[in-house]
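Asker: Here you go, one structure.
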2 protein chains.
Amino acid sequence: MNVIKGGVTAPEGFFATGVACGLKKDGKKDLAIVCSEDSAAIAGVFTTNKVKGHSLQLTMEHMKTGYANAIVINSGNANACVGDRGYGDALKIATVTSELLDCRPQDILVASTGVIGVPLNMDAIIPALEELVSNMDPDGGHDAAEAIMTTDTITKEVAIELELQDTRVVIGGMAKGSGMIHPNMATMIGVITTDANISRKLLDKALRTVVKSSFNRVTVDGDTSVCDMVVIFANGMAENPSIINEGEDYEKFVSGLEYVCTYLAKLIARDGEGATKLVEVAVEGAENPDDAYRAACAVAKSPLVKTMMFGNDVNWGRIITAVGYSGAEFDPAYIDIYIGDMPMCKAGCAVDFDEAEARRLLEQDEVRVLIRLNKGVYSDRVWTCDLSYDYVKINASYRT
Amino acid sequence: MNVIKGGVTAPEGFFATGVACGLKKDGKKDLAIVCSEDSAAIAGVFTTNKVKGHSLQLTMEHMKTGYANAIVINSGNANACVGDRGYGDALKIATVTSELLDCRPQDILVASTGVIGVPLNMDAIIPALEELVSNMDPDGGHDAAEAIMTTDTITKEVAIELELQDTRVVIGGMAKGSGMIHPNMATMIGVITTDANISRKLLDKALRTVVKSSFNRVTVDGDTSVCDMVVIFANGMAENPSIINEGEDYEKFVSGLEYVCTYLAKLIARDGEGATKLVEVAVEGAENPDDAYRAACAVAKSPLVKTMMFGNDVNWGRIITAVGYSGAEFDPAYIDIYIGDMPMCKAGCAVDFDEAEARRLLEQDEVRVLIRLNKGVYSDRVWTCDLSYDYVKINASYRT
């Protein structure tokens, strides 16, 4: 497997672009399309929030056929909680796009991200769809990645190539999301493309497996949004022998997909609103997988841990506190806590450590916290970021 | 029932004081005592964190007799996660204090709040205990309330009087805690005193009932700490006919206690680290009590809701989002959301509202969010505060 240049248009037969249609007040790109030359097998994972955006509802409906041609994504407006017109607006976007692409409306997926409760400005979007489709380009992945950004400060895209039985297969991806990110999809949109030839059933299985350990292991502020999804398009144009069972090819494909999704997920954490660093919270020795996840997640979500990371203040008491209320089973008399390789706490008891050296570890771009529960054999890890002044600044006046 | 001046020393037969023994670097008071003239019936509610501070462990042990004379509280150090010496240090404090007060060590409760993982400076505390005991004063409640503060910006105390069968009974209280506050005790210490004559069993029941709807309905940052407790001392010196069953006197006593605990709990939320306002999140129409609590709590904990409150940005989409991931059962098509009396969302759909007027509502000292799930008859409410730059500032360098 090699990392290559590009994002969603790196695989064969994908076109994309992004344009500014006027949803964002600052005139930046706010409408994106990713399109496969041929109908592609698709799979998706969607928010678990009980409230679901109207575009997302349409996409869940359209996914039922198992195949699609393109996805249209707008930023600047979530198309959520606006009543019946919301679904109608999403359908209109799909219908107009399908006419331009000469396919059926149900072959078009729609995603929206931004403010809730404000109707989509259809007068801006509909006329822009023609420009969007005519601008589509086999090198347009980066423009699409730009157009889906909200409070993101960097575009998030990646591509890899791998060999499946002497055939080159490429997987590309882009994502957005920096605030409101939390396991179970959050305000995050991920679009993955691949030219792999793979059955729809295995594509679905691969995506579900991989999302669990990548996108669902990122938390910025613990909030999960109403609009968010990861979808994958597989158009088969690499012409590898079709992956129809869980053999070696499938495993290789999953590894590649895992790389792409993990890369994007970590980028989301690192680019969390106001973040100055990426924090990995690893838990080992849990009695069961749920406990490993619970403990890692509680530490990663704790505002006190996150502000301590921002301030480079080696206050590991906040880490043990979060593990303590996480709901994970453990005996406080056996827990070990490390920052990087440096032990802070062994068998539940403070150990002497070099304060300056520990502070230096916290000052890095990437900080790793390791918690050993010493109770069982299960482990997990969650990525998050620090909580800074800028997080408050960005979120105190998002709409205005 | 009347609110009267004072705090823990307002009831008959209570003495208190606070001194500076050197645990706080800035020379402020950091050691407090609250003492009853006679042995008092006691009850307590403790942190649910699996990790428990050593002083708290000692107090849980000493509470088993059902009676105590005094509580000694230090701020500036949590006495947690320091190994076997932690329990020994707490016992030493209890033993020395009991000698000075001429009672048994188990008649002394100990509480500690502050940094985790650093041994108590016993050379500072032990010599100060004599001064502490000799300074005790029937008007010393305020000094004690000062000495238990950590990042608190105001002392928190209150007292009320009520009539039980023509006898005047007084309940007083003090509390500390501004960060790390969350349902189930958090870094919060509350000491309630009363001269009521009440059975230990009913005292315990009254405290548990009241804590549930007061201290356990406050969240500042969702973190629950390892050291926190609410204890009540009832010394019977009002000489009211003993409350031994759940009749009218008991109900009156519970109402009075509820007033005291709710007053202190709301003060904790209002004084949350960096807070500029008190936010009440009320949920009505839930299918069951747990759902009402879950929904209120998710909204009150959401960093996105809390930063929006700080910025006076009427972004109610964040409220419906939090309800959506709370786990509460509801149909998004029936939910109503209000800020103050102003509807933002009816039947799951945005309604037009006067933006300037809504902003004015958010700019108040107290903001009320009301969520109607329209699914059942249960309600709940949680108090929180906004999330400001100062929260980050305070917590980015707590130790240093």
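Taken together, the values in this text are just the output of simple stated rules run on the coordinates, not laboratory data. Note that the coordinates shown come from a computational prediction; the quantities given were computed from them, not determined experimentally. Methodologically, a virtual Cβ is constructed for each residue, glycine included, from the backbone with ideal geometry; neighbour enumeration extends over all protein chains shown.
Asker: Using a cut-off of 13 Å between beta-carbons, work out the net charge of the residues near B:Lys28 (Lys and Arg +1, Asp and Glu -1, B:Lys28 not included).
Answerer: -1
Asker: Could you give the length gained on full extension between A:Asp26 and A:Asn121, defined as 0.36 nm per residue of separation minus the Cα-Cα distance, in nm?
Answerer: Here the answer is 32.7 nm.
Asker: Further, regarding this structure: Ignore the peptide's own chain and count Cβ atoms of other chains within 10 Å of each Cβ in B:325-337; give me the average, rounded.
Answerer: Counting Cβ atoms of other protein chains within 10 Å of each residue's Cβ and averaging gives 3.
Asker: If you scale each eigenvalue of the Cα gyration tensor by 5 and take the root, what three semi-axes come out for the range A:278-396, rounded to whole angstrom and sorted largest first?
Answerer: Its equivalent ellipsoid spans semi-axes of 23, 17, 11 Å.
Asker: Could I ask something else about it? Kindly work out what percent of the DSSP beta bridges joining two residues of the protein assembly as shown are antiparallel, to the nearest 5.
Answerer: 70 percent
Asker: How far apart, in nanometres, would the label points at A:Glu163 and A:Arg359 be if each is projected 7 angstrom from Cα along the Cα-to-Cβ direction?
Answerer: 5.2 nm
Asker: Could you state the angle between the C-alpha long axis of helix A:248-270 and the longest principal axis of the C-alpha atoms of chain A, as a value from 0 to 90 degrees rounded to the nearest 10?
Answerer: 70 degrees
Asker: Still on this model: So which of B:Lys29/B:Lys64; B:Lys24/B:Lys201; A:Lys24/A:Lys301; A:Lys28/A:Lys393 end up more than 28 Å apart, counting from Cα to Cα?
Answerer: The answer is B:Lys29/B:Lys64; B:Lys24/B:Lys201; A:Lys24/A:Lys301.
Asker: Using Cα springs under 10 Å in a Gaussian network model of chain B, which residue among B:Thr276, B:Thr384, B:Thr65 shows the largest mean-square fluctuation?
Answerer: It is B:Thr65.
Asker: Another one. To check my understanding: the extent here is largest minus smallest coordinate of the Cα atoms along each principal axis. What are those three numbers for the range A:1-106, in Å, largest first?
Answerer: Taking the Cα atoms of the range A:1-106, the three principal extents are 44, 37, 31 Å.
Asker: Which whole number gives the average count of other chain Cβ atoms within 10 Å of the Cβ atoms across peptide B:307-315?
Answerer: 6
Asker: Continuing with the same structure: Could you tell me what percent of the DSSP beta bridges with both partners in the range B:278-396 are antiparallel, to the nearest 5?
Answerer: Of all bridge pairs located within the range B:278-396, approximately 70 percent are antiparallel.
Asker: Within chain B, which is the longest segment containing none of the GluC sites (Glu not before Pro) that sit in a DSSP loop and have at most 13 other Cβ atoms within 10 Å?
Answerer: Of all site-free stretches, the longest is B:1-238.
Asker: Trypsin sites (Lys or Arg not before Pro) within the range A:17-118: which are DSSP loop residues with at most 11 other Cβ atoms inside 10 Å?
Answerer: In loop regions of the range A:17-118 (DSSP not H, G, I, E or B), the sparsely surrounded trypsin sites (Lys or Arg not before Pro) are A:Lys25.
Asker: Sequence gap at least 6, Cα distance under 8 Å: using those rules, report the relative contact order of the range B:278-396 to the nearest whole percent.
Answerer: 46 percent
Asker: Using the 7 Å Cα-to-Cβ label point, sort the distances from A:Gly247 to its equivalents in the other copies shortest first and give them in nm to one decimal.
Answerer: Spacings between copies for this position, smallest first, are 8.6 nm.
Asker: Also, I was wondering about something else. Between the helical axis of A:289-301 and the dominant principal axis of chain A, each derived from Cα atoms, what acute angle in degrees is found, rounded to the nearest 10?
Answerer: Helix A:289-301 and the main axis of chain A meet at about 90 degrees.
Asker: Here's another thing I want to ask about it. Distance in nm between label sites at A:Asp352 and B:Asn2, each 7 Å beyond Cα in the beta-carbon direction?
Answerer: About 6.1 nm separates the two model spin labels.
Asker: Oh, and also: Tell me the mean residue ellipticity at 222 nm calculated for chain A from its helices only (DSSP H runs of n ≥ 4, each -39500 (n - 2.57), averaged over every residue, nearest 500).
Answerer: Result for chain A, helices only: -10000 deg cm²/dmol.
Asker: Sorted from shortest, what are the nm distances separating the label point of A:Glu287 from equivalent points in the other copies, each placed 7 Å from Cα along Cα to C-beta?
Answerer: List, nearest first: 2.9 nm.
Asker: Continuing with this model, one more query. Classify the range B:352-400: rounded, prolate or oblate, from the alpha-carbon gyration tensor (a ≥ b ≥ c, eigenvalue square roots; a/c under 1.5 rounded; otherwise prolate if a/b is larger than b/c)?
Answerer: oblate
Asker: Please arrange B:Ser242, B:Ser75, B:Ser326 by how many other C-beta atoms lie within 10 Å of their C-beta, fewest to most.
Answerer: Ranking B:Ser242, B:Ser75, B:Ser326 by Cβ neighbours within 10 Å, fewest first, gives B:Ser242, B:Ser326, B:Ser75.
Asker: Further, regarding this structure: How are the C-alpha pair distances of chain B spread across 20 Å bins, as whole percents from the shortest bin up?
Answerer: Binned Cα distances yield the sequence 29, 53, 18, 0.
Asker: Suppose we keep just the alpha-carbon trace of the protein assembly as shown; what are its Rg and Dmax in angstrom?
Answerer: Here Rg and the maximum Cα pair distance are 28.9, 95 Å.
Asker: List the distances, in nm to one decimal, from the label point of A:Met1 to the label points of the same position in every other copy, shortest first, placing each label point 7 Å from Cα along the Cα-to-Cβ direction.
Answerer: 6.2
Asker: Taking K and R as +1 and D and E as -1, what net charge do the other residues with C-beta under 12 Å from the C-beta of B:Thr276 add up to?
Answerer: Net of charged neighbours comes to -4.
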